[in-house]
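Chemist: This structure is in structure tokens; I'll ask about it shortly.
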Amino acid sequence: MPGLRGLVMAAAAMLLAACASFDGRGLVPGQSTESQVVAQMGPPAQARPLPGGGKALYFSHLPEGRAVFVATIGPDGLLQSIEQRLTRENIGKLVADQSTAEDVRALFGPPGAVGYLPLKPREWWEYKYYDYQDRRILWVQFSPDDGIVREVLDMRDWSYEVPTLPGMMAAPR
């Protein structure tokens, strides 16, 4: 069945190409148009107007994709820049009791998951990301009445760690 094998290989190549284009690789600032950005990166999860007539397009593969790319489109409809927003540097911009839910959406776009802590009471948003090879989870908690950030929790995602049994030791060298 060489025909079936060829079809499977073609489908695999298309899937790889689709995944590879999520970061905007190949798009050229100052030359690529908004429609080219969307054609390559897929439909944005969020679009936000920017001062001066441009817009920011948020491309997310959350909850498990661990990346949010923001393509900035100028008022002329051309790509200005693309950046990965889920970084420690951007997380450091969030300030408890000062930043707002709007600030978080402007930085990271829509969350991968949302929940509510009834005993506090607080709403939380979850963003999973990579810090190099380290899988991490960012949780941002808000007061529901005013939307002010109350806590920013950045933790290692332990759900991917290999469990060890008590008493297990590494093999001697």
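The values are calculated or read from the model by the stated rules, or taken from the named source; none is laboratory data. What you see is a predicted model, and the numbers here were worked out from it, not measured in a lab. Every residue, glycine among them, receives a Cβ derived from its backbone with ideal geometry; neighbour counts consider all protein chains shown. These accessible areas exclude ligands, DNA and RNA; they are computed on the full protein's heavy atoms, side chains included. Shrake-Rupley method; radii C 1.70, N 1.55, O 1.52, S 1.80 Å.
Chemist: Give me a count of the residues in the range 127-167 that are among the aromatic types (F, W, Y) and under 20 Å from S60 (Cα atoms).
Modeler: Adding up the residues that qualify gives 5.
Chemist: While we're on this one: Since P49 meets every condition but one in (1) touching a strand residue (DSSP E or B) at 6+ places or on another chain (Cβ under 8 Å); (2) crowded, with 16+ Cβ neighbours inside 10 Å, which condition does it not meet?
Modeler: Among (1) touching a strand residue (DSSP E or B) at 6+ places or on another chain (Cβ under 8 Å); (2) crowded, with 16+ Cβ neighbours inside 10 Å, P49 violates only (2).
Chemist: Another one. For the range 100-107, indicate whether the set of residues that are in a strand (DSSP E or B) and surrounded by fewer than 17 Cβ atoms within 10 Å (Cβ to Cβ) is non-empty. If you could, list the steps in order and put the result at the bottom.
Modeler: Applying the first criterion (in a strand (DSSP E or B)) to the range 100-107 yields 100.
If we keep only those that are surrounded by fewer than 17 Cβ atoms within 10 Å (Cβ to Cβ) as well, we get 100.
Yes, the range 100-107 contains at least one residue that is in a strand (DSSP E or B) and surrounded by fewer than 17 Cβ atoms within 10 Å (Cβ to Cβ).
Chemist: Scanning the range 114-130 for residues that are hydrophobic (A, V, I, L, M, F, W, C) and open to solvent by 30 Å² or more (accessible area, probe 1.4 Å), which turns out modelled with the lowest pLDDT? Walk me through it before giving the result.
Modeler: Pass one, the range 114-130, residues hydrophobic (A, V, I, L, M, F, W, C): 114, 117, 119, 124-125.
Those still in the list that are open to solvent by 30 Å² or more (accessible area, probe 1.4 Å) too: 114, 117, 119, 124.
On the way: V114: 95, L117: 89, L119: 86, W124: 95.
Here the residue is L119.
Chemist: I would also like to ask the following. More than 15 Å from the chain's Cα centre (by Cα) and open to solvent by less than 50 Å² (accessible area, probe 1.4 Å), is that true of L27? I'd like the intermediate steps shown before the answer.
Modeler: Details: more than 15 Å from the chain's Cα centre (by Cα): yes; open to solvent by less than 50 Å² (accessible area, probe 1.4 Å): yes.
Criteria met by L27.
Chemist: Which members of the range 80-99 meet the condition of being closer than 13 Å to L138 by Cβ, open to solvent by 100 Å² or more (accessible area, probe 1.4 Å) and free of Cβ contacts under 8 Å to residues at least 60 places away in the same chain?
Modeler: Hits for the range 80-99 are E89, K93.
Chemist: Evaluate the range 143-155: report whether one residue or more is within 24 Å of F22 (Cβ to Cβ), under 16 Å from the mean Cα position of the chain (by Cα) and not acidic (D, E). Talk me through it step by step, then tell me what you get.
Modeler: In the first step, residues of the range 143-155 are kept if they are within 24 Å of F22 (Cβ to Cβ); the result is 154.
Those still in the list that are under 16 Å from the mean Cα position of the chain (by Cα) too: 154.
This time we only want the ones that are not acidic (D, E), so: none.
No, the range 143-155 contains no residue that is within 24 Å of F22 (Cβ to Cβ), under 16 Å from the mean Cα position of the chain (by Cα) and not acidic (D, E).
Chemist: Another question, then. Looking only at the range 102-110, decide whether some residue is of a type outside the set (F, W, Y), within 16 Å of V70 (Cβ to Cβ) and touching a residue at least 60 places away in the same chain (Cβ under 8 Å).
Modeler: Taking the range 102-110 first, the residues of a type outside the set (F, W, Y) are 102-107, 109-110.
This time we only want the ones that are within 16 Å of V70 (Cβ to Cβ), so: 102-107, 109-110.
With touching a residue at least 60 places away in the same chain (Cβ under 8 Å) added as a condition, the list becomes 109-110.
The answer is yes; a qualifying residue exists.
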